[in-house]
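Participant: A single structure is presented below for examination.
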Amino acid sequence: MKKTIFLLAMTLCYAAGFANCTNAYASAGYSLSHAKKSMEANNFEHQQYYAERALSALEKARDENETCGCPKAGDPILNGIENLKTALSQDKWDNGRYFTKRALEDVEKVLYNLDMCALDEEPQQSAAPQESLTLSGSGPSMDDESPNSEEWDTKLSIRQTAEDELANIQKSIEKLAAVFECERARQIVMDRKTKTDEDLQAESVYSIRSFYMSQVVALHNKALFALLECSKK
């Protein structure tokens, strides 16, 4: 099963930018899963056992993040490691659970920041220059209210291409979820946002491209994590 998941991960990582952080994301995902089990444990021994496994996975994510090159994930990884080590040094169930909960929050930040790094976001462009131009004129004309033809075509093209590719990815995930009997993976494709014509008119080309890139990254990472979870059953 591990070989299958490895091949699946490589298949899902169709963009090099996403592939770089896949291992770190998977290890952080394992850490999150173990931390949750530690939180749910009803005895001290099991709590410590899963906290130790969560620590091991997060330390692995720390090492893999060096290759991934996501500085945003560095601090929450270190904070999570510190909290898990503190949890393991406790001799009471309540205290261990408290620090494990803090580590759980840290790992969630790690996963979020890895998503953000995969997007490779640039600073948002300010709308101020455009507003200044509008104010400096005699007032908005009909041409100002209508989207530039070339820019509008670009926006429509981005949306159409991205929606088509996302639909293909969803179909692949659904097929794999059926093959591996992984209901969790199937459920993640059921909730996805899209852009209306009004959204396209109001937003920049960069913003629209970033939106769809985030959709691809999130879908990829959630599918990988869900399948990794199913592989442990």
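Throughout, read-outs are computed from the coordinates displayed, never taken from laboratory work. Quick caveat, the model's predicted, so the values are computed rather than measured. Heads up, the Cβs are rebuilt from the backbone with ideal geometry, glycines too, and the neighbour counts pull from every protein chain shown.
Participant: Quick one: how many residues across segment 92-111 are under 14 Å from Lys37 (Cβ atoms), crowded, with 23+ Cβ neighbours inside 10 Å and aliphatic (A, V, I, L, M)?
Facilitator: 2
This table checks each residue for (1) touching an Asp or Glu at 6+ places or on another chain (Cβ under 9 Å); (2) loosely packed, with under 12 Cβ neighbours inside 10 Å; (3) in contact (Cβ under 8 Å) with a residue 12 or more places away in the chain.
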site: Ile158; (1), (2), (3): no, no, yes
site: Ile173; (1), (2), (3): no, no, yes
site: Ala178; (1), (2), (3): no, no, no
site: Glu181; (1), (2), (3): no, yes, yes
site: Asp197; (1), (2), (3): no, no, no
site: Leu200; (1), (2), (3): no, no, yes
site: Val205; (1), (2), (3): yes, no, yes
site: Ser210; (1), (2), (3): yes, no, yes
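Participant: Can you name every residue in segment 77-91 that is surrounded by fewer than 22 Cβ atoms within 10 Å (Cβ to Cβ) and either in a helix (DSSP H, G or I) or touching a Leu at 6+ places or on another chain (Cβ under 9 Å) (or both)?
Facilitator: Within segment 77-91, Leu78, Asn79, Ile81, Glu82, Lys85, Thr86, Leu88 meet the criteria.
Participant: Under the condition of being within 14 Å of Gly96 (Cα to Cα) and outside any helix (DSSP H, G or I), which residue from segment 35-76 is farthest from the chain's Cα centre (by Cα)?
Facilitator: Asn43
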